[in-house]
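Okay, so here's the structure we're looking at.
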Amino acid sequence: MYNSRRKEIRIKADSFRETCKVSRYGILDLFRECDRCGYKLLRYPLGEDADLGFVMKKDADTVIFTNSSSRLTREIFTLAHEIGHAVLHMEGNVPFIDNTATISGKSVDEREQEANYFAACLLMPAGDVAKFFDLEMENFEIHGLTAMDIARMMSEFHVSFDMALNRLENLGRIDHNGRIRIDNERNLSRVGNLLRSVGGSSRLNEPSLEICIPYEYIDYVIYNYNHNAIPLETLERSLEYYKLSMDDIRDRLRKPVEGRDDLDDLIGGLVD
């Protein structure tokens, strides 16, 4: 990635961040900001082994999906990554479907690397990291960073332990040996315990299992049911989520047909 492109991505990440509500360092609720910025956000627990997220165009909407079976910090990073695709790469209306390889940086696809860089700049801007070191860290230059320090960053920036380490290494705040040392400390203490020790929320290290489907997507639920993509039971479950009954949509239904048996297929149907 050329320096000029990296600068362009930083500018776009900063521009998006300026529209968000931020605490001392981190974006307070990126899910809410995503919705407020006009993206159609869906969250659903597809399971730990499923894809982590996707972004796509659906008519005039930009639809972003995140798998809420992931740890919350990973889901937040996935969302930031998908926003990166939406900001940087959606001119061709080609969907991006992301898994562990693309989110963890193992993909050689330049667009995936750019989306990861956007996410890092959005969640942990270099200036805010410098501010954190200036105001919150004491004697770290003498004693070095500890796993407890990284847990404090997790809590303030709402990022994972690995994301914080990656960002600090990329910004030159730690070297490879320092990273290995902190990783070893983390393995001995466990992240949840570290978060509790610094007064942070251990839920950052747990899946939210959140289900969030915008109201207008009831149209897609009905469409998928009418086209044999989901069964009656899934339609009824979805209507219950919206506090609707079968009678409320009776005039929009075709003759009931049995199909696949999981709401996962509805999410898949949005990509087809």
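Here are the numbers for the structure shown:
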| item | result |
| --- | --- |
| Qualifying residue in region 25-40 (condition: touching a Pro at 6+ places or on another chain (Cβ under 7 Å), on the phi < 0 side of the Ramachandran plot and not in a helix (DSSP H, G or I)) | yes |
| Every pair of residues 6+ apart whose Cβ atoms lie under 6 Å, when the first sits in region 8-34 and is more than 21 Å from LEU72 (Cα to Cα) and modelled with pLDDT of 95 or more while the second is hydroxyl-bearing (Ser, Thr, Tyr) and open to solvent by 20 Å² or more (accessible area, probe 1.4 Å) | ILE9/TYR117 |
| Which numbered condition GLY192 fails, given (1) part of a helix (DSSP H, G or I); (2) under 30 Å from PHE132 (Cα atoms); (3) touching a residue at least 40 places away in the same chain (Cβ under 8 Å) | (3) |
| Output for region 90-119, where each listed residue is open to solvent by 20 Å² or more (accessible area, probe 1.4 Å), outside any helix (DSSP H, G or I) and not acidic (Asp, Glu) | ASN93, VAL94, PRO95, ILE97, ASN99, SER104, GLY105, LYS106, SER107, VAL108 |
| Contacts under 6 angstrom Cβ, first residue in region 134-149 being within 21 Å of LEU195 (Cβ to Cβ), partner among the basic types (Lys, Arg) and open to solvent by less than 50 Å² (accessible area, probe 1.4 Å), 6 or more apart | ALA147/ARG186 |
| ARG167 vs. criteria under 18 Å from the mean Cα position of the chain (by Cα) and either in a helix (DSSP H, G or I) or modelled with pLDDT of 90 or more (or both) | yes |
| Verdict on MET154 being in contact (Cβ under 8 Å) with a residue 40 or more places away in the chain, surrounded by fewer than 17 Cβ atoms within 10 Å (Cβ to Cβ) and in contact with a Leu (Cβ under 8 Å, 6 or more places away or on another chain) | no |
| Residue within region 7-20 that is assigned to a loop (DSSP other than H, G, I, E, B) and within 19 Å of ARG71 (Cα to Cα) present | no |
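The values are calculated or read from the model by the stated rules, or taken from the named source; none is laboratory data. Keep in mind the model is a prediction, meaning the values are calculated, not measured. Neighbour counts are summed over all protein chains in view; Cβ atoms, including those assigned to glycine, are modelled from backbone coordinates with ideal geometry. SASA here: full protein model, heavy atoms, side chains in, ligands and nucleic acids out. Shrake-Rupley method; radii C 1.70, N 1.55, O 1.52, S 1.80 Å.
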